Each structure stands twice: as structure tokens, then as C-alpha cells.
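As C-alpha cells, the structure follows; a few thoughts come after it.
The values are calculated or read from the model by the stated rules, or taken from the named source; none is laboratory data. Because the structure is predicted, anything quoted here is derived from the model rather than measured. Cβ sites come from the backbone with ideal geometry, for glycine too, and all protein chains shown count toward neighbours. The protein model used for the area step is the full one, side chains on, heavy atoms only, and it has no ligands, DNA or RNA in it. Shrake-Rupley method; radii C 1.70, N 1.55, O 1.52, S 1.80 Å.
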Amino acid sequence: MTAEIINGKEIAAKKRLEIAEEVQKLKSEGVTPGLSVILVGNNDASKTYVKSKQKTCEELGMYSLLITMPEEVSEVELLAKIEELNADPSIHGILVQLPLPKHIDETRVIESISPLKDVDGFHPINIGRMMTGQNAFLPCTPYGILVLLEETGVQLEGKHVVVVGRSNIVGKPVGQLLLNKNATVTYCHSKTKDLSVHTRQADILIAAVGIPNFIKADHVKEGAVVIDVGINRNEAGKLCGDVAFDEVSEKAGYITPVPKGVGPMTITMLMYNTLKSASESIGGF
Ligand code: NDP
């Protein structure tokens, strides 16, 4: 079997058009969705991510406010800035680009963002609301994966999903979202024994490990849907995922490539969450 490619770039473009249309509708009601991104320090990767978030925001007609702070900014100053943004009616989403310098407590910072503006979906209130199936901002990468799966038309109910990776931002929440869709979910991690025994049972296999080409054809059941979350560099410095694409795509039913798979969906869902927040500020969709 040769897998059908799940084209994240195309799906993201389609979603972005829908979001841009909704932004115009909100603007006609006098509300421009606004996203503020706080960038602390000089991490090059963070700068690239932030630039890309700003650019997408502007392309979709939203207001984008970038706040840069020096590496040595104090936690108190950062918290004061977040407090200011929490109270600013022109800002519907607040995102603090991670990682933060070591002297700043990331948990305290995340918890200081109003849950009503936590468009990253990292605040414990949003995580708890997601777990209990209530209205919440869903974390962007897991939400993007859910949209990609839904776009394939593959039924999720009753499917066995195996998630390799249990981080708070990808592995754990993506499993939870799929559990909410009535899938049966297994989590694997670095202490899992006989990994392939689990992964070979997956109807849907999600790799969020951070090791280049870690998932091989031997880990995959014939016809499975394989979602590759990884963004890694191989020895040659080339961008690659957690899945050995060439061999796994010979066996899987569907597969996401890297790049142009999960990646473009993450920013798209951030934009969606900002739109949702703006819309909820005047009563919701
Ligand atoms: P983390 O490093 O936080 O988590 C990695 C997970 O993989 C951990 O749960 C770890 O287990 C598990 N793991 C490590 N080694 C093994 C192993 N040998 N066998 C089984 N499991 C193992 O990574 P993230 O979740 O933040 O990110 C994962 C990947 O996704 C990275 O490549 C990252 O760059 C990418 N990413 C992509 C995004 C996108 O937009 N496309 C967004 C976010 C991340 P344990 O818990 O036991 O340590």
C-alpha cells in the first residue's frame, strides 16, 4: 500500500480563508481580533516563530501586537505586562513565546494569563475544561492534528489511537482530544517496554517524540493513519519528522509529511483561537 498524503499546507490554507472571512464579519461589527505575542530574550528559533505568527495574523486581517523584552527582564515586570494585556479590550489573545529565561517561572507566567485570552490553551483552567469536554481554548498543535484527521474523513469513534510522547503541549492533550471523540487511546513514552507491540496495534499512530526518523515501517500496521508531529534536523541538517517517511509511507493508509504536515496547522489554530476569543467577547459565534 502507498499512503495517501495528508496535505497540511493545503488544509491550513483552506482553514485560513475561512478564518479571514469570519474576521471580516467581526470587523463589520466593530471588533478586530487582536493577538499579542510577548517575546523575551534573543532565542533565534523563538524570533522566527514569533515573526511567522505576526505575519499570519496580519494576513488574516487581525491586529498583531509584538512586545519584546530583554533576556534579563524580571518576572515581576513580565507579570505586570501580562496584567496590562489582560485588561486591554483590543487584545483577545495573549501568547508568551516559550522557552523563557531560567530565572522566570514558566508555570507562574502561564497561570497569570487570563483563561479568556489563553489562546495557546496552556492555562490549567483550559486544560481542565478540555479534559471535561467543556468549551475551552484547545492547544494549537493537538487541535490542528484533530482537524487534519477530520479532513481525511476517517472515522475516529472506536479507533485505537496510539500516541508516542506524553508532553503537556502535544502528546497528552492530543490523546485527550481523541478520547473525547470516542477513540481508545494508548500513550507510550520513553519508559514504555516493547514499543512496537503497542504501535503495531494502532489504527491511528501519532508520533510526538522529537527523534529524527524514530518510527519505522516495523512500528506500523498496514493501512494505519500516521501523524508525524516531529520537527527535527537530521545529520545532514535537513528538516525531518519523527517518522521514517519513505518506508512508512509504503505501509500506511494516510501519512502527514514533514514539512507541510502538522506544522502549518499549529499557527492556523492559534489564529482560530484568537478569532474565537474575539467572537466570545461579544457573545460568541
Ligand atoms: P518533548 O521532548 O516534550 O516530549 C517527547 C516525548 O517523547 C516524551 O514524552 C518522551 O518520553 C517521549 N520519548 C522520548 N524518547 C522516547 C523513546 N525512545 N520511546 C518512546 N517515547 C520517547 O517533545 P514535544 O512533545 O514538545 O515535541 C515532540 C516533537 O514535536 C518535537 O520534534 C517538536 O519539535 C515537535 N513539535 C512540533 C510542533 C508542530 O507545530 N508541528 C509543535 C510542538 C512540537 P518521557 O515523557 O518518558 O520523557
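Would you kindly derive the ³J(HN,Hα) couplings of the stretch 117-126 from the backbone phi angles with the Karplus curve 6.51 cos²θ - 1.76 cosθ + 1.60 (θ = phi - 60°), listing them in order in whole Hz, with x for Gly and Pro?
10, 7, 6, 7, x, 9, 5, x, 5, 5
With a cut-off of at most 16 other beta carbons within 10 Å, and DSSP calling the residue loop, which GluC sites (Glu not before Pro) in the stretch 111-180 qualify? Please list them.
For GluC sites (Glu not before Pro) across the stretch 111-180 that sit outside H, G, I, E and B with at most 16 neighbouring Cβ atoms in 10 Å, the list reads Glu157.
Distance check, please: which entries in Lys25/Lys172; Lys9/Lys238; Lys14/Lys55; Lys81/Lys102 exceed 25 angstrom between their Cα atoms?
Values: Lys25/Lys172 35 Å; Lys9/Lys238 19 Å; Lys14/Lys55 17 Å; Lys81/Lys102 19 Å.
Flagged as over cut-off: Lys25/Lys172.
Per residue, what accessible area does the stretch 194-264 have, given a 1.4 Å probe and all protein chains present, in Å²? Write down the numbers at each step before the final one.
Details: 3170 Å² over 71 residues.
Averaged over the residues of the stretch 194-264, the accessible area is 45 Å².
On a straight-distance basis, which aspartates and glutamates could pair with Lys193 in a cross-link, Cα separation under 16 angstrom, same-chain partners fewer than 8 positions away excluded?
Asp218
Any idea what the dipole of the stretch 151-210 comes to, in debye rounded to 20, about its Cα centre with Lys/Arg Cβ at +1 and Asp/Glu Cβ at -1?
For this selection, approximately 260 debye.
Could you give the alpha-carbon Rg of the chain over 2.2 N^0.38 Å, rounded to two decimals?
Compared with the compact-globule rule of thumb, the chain sits at 1.01.
Residue by residue through the stretch 89-105, which ³J(HN,Hα) values in whole Hz follow from phi under the Karplus form 6.51 cos²θ - 1.76 cosθ + 1.60 (θ = phi - 60°), with glycine and proline marked x?
Once rounded to whole Hz, the list reads x, 7, 10, 9, x, 10, 10, 9, 5, 9, x, 9, x, 4, 7, 10, 7.
How would His160, His92 line up by accessible area, probe 1.4 Å, largest first?
His160, His92
Heavy atoms only, probe 1.4 Å: what % of the accessible area of the chain goes to carbon and sulfur, would you let me know?
On the way: 7140 of 13540 Å².
Summing carbon and sulfur atoms, their accessible area is 53 percent of the total for the chain.
Using just the helices of the chain, give the 222 nm mean residue ellipticity in deg cm²/dmol: DSSP H runs with n ≥ 4 each add -39,500 (n - 2.57), and the total is spread over all residues, rounded to 500.
-12000 deg cm²/dmol
Over the stretch 190-267, what is the mean sequence separation of C-alpha contacts under 8 Å (at least six apart), divided by residue count, expressed as relative contact order in percent?
Values: 158 pairs, mean separation 23.1, N = 78.
This gives 30 percent for the stretch 190-267.
Students often check this: by mean Cβ neighbours within 10 Å, which of 41-49, 11-19 ranks highest, and how do the rest follow?
Output ranking for 41-49, 11-19: 11-19, 41-49.
How high is the relative contact order of the chain, given as a whole-number percent (alpha carbon pairs under 8 Å, six or more residues apart)?
Value for the chain: 23 percent.
Pick out, in residue order, every one of the trypsin sites (Lys or Arg not before Pro) in the stretch 235-285 that is DSSP loop and has at most 16 other C-beta atoms within 10 Å; say none if there are none.
Within the stretch 235-285, the qualifying trypsin sites (Lys or Arg not before Pro) (loop, at most 16 other Cβ atoms within 10 Å) are Lys238, Lys260.
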